[in-house]
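These notes concern the structure reproduced below.
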Amino acid sequence: MGPTNQPFRWIDQQSDVDELVSELTASDAVGWDTEFHRERSYYPHLALVQVAWPGGIALLDPLTLDLTPLAGVLAGAVSVLHASDQDITILERACGEAPAVLFDTQVAAGFLGMSSPSLASLVERFVGVRLPKGHRLADWSHRPLSEGEMRYAADDVAHLLQLHSVLTSRLEEKGRLAWALAECQMLLQRDRSTQDPDTAWWRMKDSRALRGDSRAVAQTVAAWRERRAERLDIPPRFVLSDMALTNIAQRKPTKAADLDGIRGLDRRQIGGASAELLEAVRAGLNLSADALRLPALDEGERGQRAGVTLASAWVAQLGRDIGIDPAILATRADVVGFLRGSSSSRLANGWRAELVGEPVRRLVSGEAALAFDGDNLVLEDRAK
């Protein structure tokens, strides 16, 4: 059950890209993967693009190529990817086009009861091939890549089209193909713009523990950190650690001397930006209540915690009962949004509305109740 060792071509000449595009445009489906690094940058830096089509496999070197000719391929054929969210963003930035039609093998497998499976587990289960792991942490930006590294990268797309075929058949048998395809298209509609600076503080580990004007300071300082990181193309933590951000929000320094002794704050890291940092703190202290951006769960879950908890427990049980990953059926945020009456909630639209949304509505309105039959939770109509 080793790798298939399918042949591949290495492309680092622009003239070969045009030839490849002519081959890809004749295909109904194309498999894609990308290798990138963002450990030391704000934006992901693309290092390799892998494509697979019925006629072969190609590895494209974005360090030497203009990839915009691939836009037409992305706009035409079904794009088959695994765990595609970051790849979509990277392909759109590199090629100027996101996939028009997406088939995400991880999403599709979720509708068959598998919870966020890896590509290797899907290939082994449905294709009977065990993918090697040896170069998973390779530095894809170095050149030349070794034969083993290129082989590893080629294997990442070698079986995508076969997985597309097998998963499509399995989903058709269960009557869930339309659901899976709709879910994949929803992925394409997700907002992939850069982080909203005013909500960057939500990602702080201790954000929910902050109270009062500490939240406002966290918002404005995290927004400053985000903008500076984007401008310098470095990770936000390289500008200011979360520990320092939390302590600044709590201590609220307004003078340079106040920065001394703040745990986690590296003055060398801040460099000449201390004045900007202090101005961000003052902006937070003067932030109006209307301008404070609170996380959705913080705004909507008060007074509904019991209903959200019950509904989430039932969704988990439903997923087990019908063999669909519960995370696909509904997240806790989905439940909160639905109970807040949001018309854009996933539970208010599409196939989820009848399968999940209506039972949740009946549960929280008191028309139905949860019971435990000794093994499982059961949703039952309440006697009038």
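What is the distance in Å between the Cα centroid of the stretch 348-367 and that of the stretch 114-184?
Centre-to-centre distance over Cα atoms comes out at 34 Å.
To the nearest 500 deg cm²/dmol, what mean residue ellipticity at 222 nm is calculated for the chain from DSSP H runs of n ≥ 4 alone, each contributing -39,500 (n - 2.57), summed and divided by the residues?
Theoretical 222 nm ellipticity from helices: -12500 deg cm²/dmol.
Return the distance in nm (one decimal) between the two label points of a simple spin-label model at LEU63 and ALA333, each offset 7 Å from Cα along Cα→Cβ.
Placing both labels 7 Å beyond Cα along the Cβ direction yields 3.5 nm.
Let me make sure I get this right: for the chain, a, b and c are the square roots of the gyration tensor eigenvalues over alpha carbons, sorted descending. Under 1.5 in a/c it's rounded, otherwise prolate if a/b > b/c, else oblate. Which is it? Walk me through the numbers before you get to the answer.
Details: a/c = 2.30, a/b = 1.12, b/c = 2.05.
Cα axes put the chain in the oblate bin.
Helix by helix, which DSSP H runs in the chain go 20 Å or more along their axis at the Cα atoms and have an average Kyte-Doolittle hydropathy of -0.5 or more?
Taking the DSSP H segments of the chain (at least 20 Å long, mean hydropathy at least -0.5), we get 160-174, 305-322.
Carbon-plus-sulfur fraction of the accessible area of the stretch 269-384, 1.4 Å probe, in percent?
On the way: 3140 of 6080 Å².
The computed percentage sits at 52.
Given the peptides 203-215, 227-239, 105-117, arrange them by the average over their residues of other C-beta atoms within 10 Å, most packed first.
The peptides rank, most packed first, as 105-117, 227-239, 203-215.
Grab the other residues whose beta carbon is less than 10 angstrom from that of ALA311, score K and R as +1, D and E as -1, and report the net.
Its environment carries a net charge of +1.
Leaving out ligands and nucleic acids, note down the accessible area per residue over the chain with a 1.4 angstrom probe, in whole Å².
48
Pull out a ≥ b ≥ c, the square roots of the eigenvalues of the alpha-carbon gyration tensor of the stretch 64-169, then state rounded if a/c is under 1.5, prolate if not and a/b is larger than b/c, and oblate in the remaining case.
Here the stretch 64-169 falls in the oblate category.
P(r) for the stretch 156-202: what percent of alpha-carbon pairs falls in each 10 Å bin, starting at zero?
Each 10 Å bin holds this share of Cα pairs: 21, 31, 25, 18, 5.
With all protein chains present and a 1.4 Å probe, how do ARG130, ARG192 order by accessible area, largest first?
Correct descending sequence by accessible area is ARG130, ARG192.
Nearest 5 is fine: what % of DSSP beta bridges in the chain come out antiparallel, could you say?
Details: 17 of 27 bridges.
Close to 65 percent.
Over the chain, what is the mean sequence separation of C-alpha contacts under 8 Å (at least six apart), divided by residue count, expressed as relative contact order in percent?
14
Using a Gaussian network model of the chain whose springs link C-alpha atoms within less than 10 Å, name the residue from VAL335, VAL21, VAL157 with the highest mean-square fluctuation.
In this elastic network of the chain, the residue with the biggest mean-square fluctuation among VAL335, VAL21, VAL157 is VAL21.
Placing +1 on the Cβ of each Lys and Arg and -1 on the Cβ of each Asp and Glu in the chain, which of PRO359, GLY319, SER121 has its Cα farthest towards the positive end of the resulting dipole?
Going by the charge dipole, the pick is PRO359.
State to the nearest 20 debye the size of the charge dipole of the chain about its Cα centre, where the only charges are +1 on K and R beta carbons and -1 on D and E beta carbons.
Using Cβ point charges on Lys, Arg, Asp and Glu, the chain gives about 1740 debye.
Using the reciprocal of the averaged 1/r over all distinct C-alpha pairs, how large is the Kirkwood radius of the stretch 1-144 in Å?
Radius from the Kirkwood sum: 16.0 Å.
Once each part is reduced to its C-alpha centroid, what is the distance from the stretch 16-61 to the stretch 221-268 in angstrom?
38
So, with a 1.4 angstrom probe, what is the percent of accessible area on the stretch 1-63 that is carbon and sulfur?
Working: 1390 of 2920 Å².
Roughly 48 percent of what the probe reaches on the stretch 1-63 is carbon or sulfur.
The values are calculated or read from the model by the stated rules, or taken from the named source; none is laboratory data. Note that the structure is a prediction, hence the values are computed from the model and not measured. Counting neighbours? That spans all protein chains shown, and the Cβs are built from the backbone with ideal geometry, glycine included. We work out accessible area using only protein heavy atoms, side chains counted, and drop any ligands, DNA or RNA first. Shrake-Rupley method; radii C 1.70, N 1.55, O 1.52, S 1.80 Å.
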